[in-house]
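The values are calculated or read from the model by the stated rules, or taken from the named source; none is laboratory data. All values reported here derive from a predicted model rather than from experimental measurement. Please note: Cβ atoms are built from the backbone with ideal geometry, for glycine as well, and neighbour counts cover all protein chains shown.
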């Protein structure tokens, strides 16, 4: 994930180039290094550099990297002709290259000819069965065609080999959530928490999935993960605050028949959470404050 | 014994500086030649997978306290299960990695190429230095040394009464050999083929021994006591919110 300083630096450069201050090349390099996806800007600035033959020759060997970057950005913005030009330029220079072959297959994918793209990827994989990018493109093809089960299958096979790739785990988790296979999604989110325990996003998503699964134990665990999200994000995460209130009311509904010893010591937490929510709403959306207070009262009444 | 020899400045001009320049040039030449000769290495499937497994097991060990106990136990069983756990290596399979290295023809060729590209220029330069620059005192080392170093540093000089601080050009060659590493990493960027000393150290402690790593990870995983950290977080969240609300 991109850190805050890097992101602010990127934004600063972007503003600078936008307002005509030059520095397009640095922006493109930084975007490439951080692997952020700002394809429209990349396309615009990249093309402006490439079309100007003087600037292009001043780049030297980096020119080809720029071609690749612009080709990918063009495919993202569905400017297929631009992508085709870039790729043919690269092809002339590097005729037998695997990297260019990959770009060609991506172009086929962008044009929508799925079978050709898949055949191209399979042949590339035969030469190098450990190319992570190509594996992931295959998953993307399956997903784009709407064939979610094939996507899951490919992704699982990929993860069997490359099990430390947390982006792939994240993708799998989101696919499972979209298919409502919450238990598997919970497993994936656990993997993500294991690899990056200080990212509050994963705690939040895991808590959401647990809350959706339901059941007393899951609800209590969900409450704990919502609180860890609050802790990790410094109390600013509204969704986690809501989550705490909802979990508390759901738990007390379930536990109404049983003994109340589960009323653990953190009984201040829901009231604190609702107080924090009210404060946030007062600050940012004061017209909705009345809706919020009535909702919270309902939740508290049933608890 | 403590007389000060006056060394001709011509020595500095015609020995020390040319020798350094030649070594820098040879280093650069070797870098480019190695770049040309480097063959793309197809990563071995098993090694890639094992590397990833180790990373995942390490993550599990490091962040074990963040997931619920049941999940942790399930994962631990998955990794260290006696029959088909990922980290479990049956005794018979623990291959000697050296044998494996030599049996794989690609890797053997690669190793040979790397060795050659290191040994040949060194040998040639050394022979050249010996032939042209021997038999005279080349430099004076600024700190005093014991007599033990005489044979190493003064081999061309056949006088035994000369102070050991006065060395021959062979020692200047060795000094350059190890000292120019820093210069090369400046002008050639990291990962250049001239890191001879580094390579020598790598060769002595050979390589990627996956079976031992797996066994080590398994032991580490078995030791871990799971202490779920999440309940504490509720209290911490309370504290955070209290501060926020107040």
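Evaluation of residue B:223 against the conditions (1) at pLDDT below 80; (2) more than 14 Å from every other protein chain (Cβ to nearest Cβ) shows that the sole unmet condition is (1). Within the bounds of segment B:61-70, is there any residue that is more than 14 Å from chain A (Cβ to nearest Cβ) and modelled with pLDDT of 75 or more? No, that holds for no residue.
Specify which of the listed residues (A:190, A:171) is within 30 Å of residue A:147 (Cβ to Cβ), buried (at least 18 other Cβ atoms within 10 Å of the Cβ) and more than 9 Å from every other protein chain (Cβ to nearest Cβ).
Values: A:190 fails: more than 9 Å from every other protein chain (Cβ to nearest Cβ).
Exactly one of A:190, A:171 is within 30 Å of residue A:147 (Cβ to Cβ), buried (at least 18 other Cβ atoms within 10 Å of the Cβ) and more than 9 Å from every other protein chain (Cβ to nearest Cβ), namely A:171.
Could you grab me the full set of residues in segment B:71-96 that are in a helix (DSSP H, G or I), modelled with pLDDT under 70 and in contact with a helix residue (DSSP H, G or I) (Cβ under 8 Å, 6 or more places away or on another chain)? Scanning segment B:71-96 gives a single hit, B:93. Quick one: is residue A:155 out of contact with any strand residue (DSSP E or B) (no Cβ under 9 Å at 6 or more places or on another chain), assigned to a helix (DSSP H, G or I) and within 14 Å of chain B (Cβ to nearest Cβ)? When the stated conditions are applied, residue A:155 does not pass them. Every condition in (1) modelled with pLDDT of 80 or more; (2) in contact with a helix residue (DSSP H, G or I) (Cβ under 9 Å, 6 or more places away or on another chain); (3) exposed (fewer than 11 other Cβ atoms within 10 Å of the Cβ) is met by residue B:39 except one, and the failing one is (1).
Checked against the criterion of being at negative phi, within 25 Å of the chain's Cα centre (by Cα) and in a loop (DSSP other than H, G, I, E, B), segment A:75-91 contains one or more residues that satisfy it.
Can you go through B:160, B:134 and tell me which one is away from chain A (no Cβ under 14 Å), part of a loop (DSSP other than H, G, I, E, B) and modelled with pLDDT under 75? Before the answer, list the steps.
Values: B:134 fails: modelled with pLDDT under 75.
On inspection, the qualifying residue turns out to be B:160.
Within segment A:10-35, the residues that satisfy the criterion of being surrounded by 14 or more Cβ atoms within 10 Å (Cβ to Cβ) and within 26 Å of residue A:170 (Cα to Cα) are A:10, A:30, A:31, A:32, A:34. If you go through segment A:1-36 and keep only what is within 23 Å of the chain's Cα centre (by Cα) and in a loop (DSSP other than H, G, I, E, B), you end up with A:1, A:2, A:3, A:35, A:36.
Among the residues of segment B:233-246, those that are modelled with pLDDT of 80 or more and more than 7 Å from every other protein chain (Cβ to nearest Cβ) comprise B:239, B:243. Out of everything in segment B:50-66 that is touching a residue at least 24 places away in the same chain (Cβ under 8 Å) and in contact with a helix residue (DSSP H, G or I) (Cβ under 6 Å, 6 or more places away or on another chain), what residue ends up being nearest to residue A:223 (Cα to Cα)? Once the filter is applied, the top-ranked residue is B:66.
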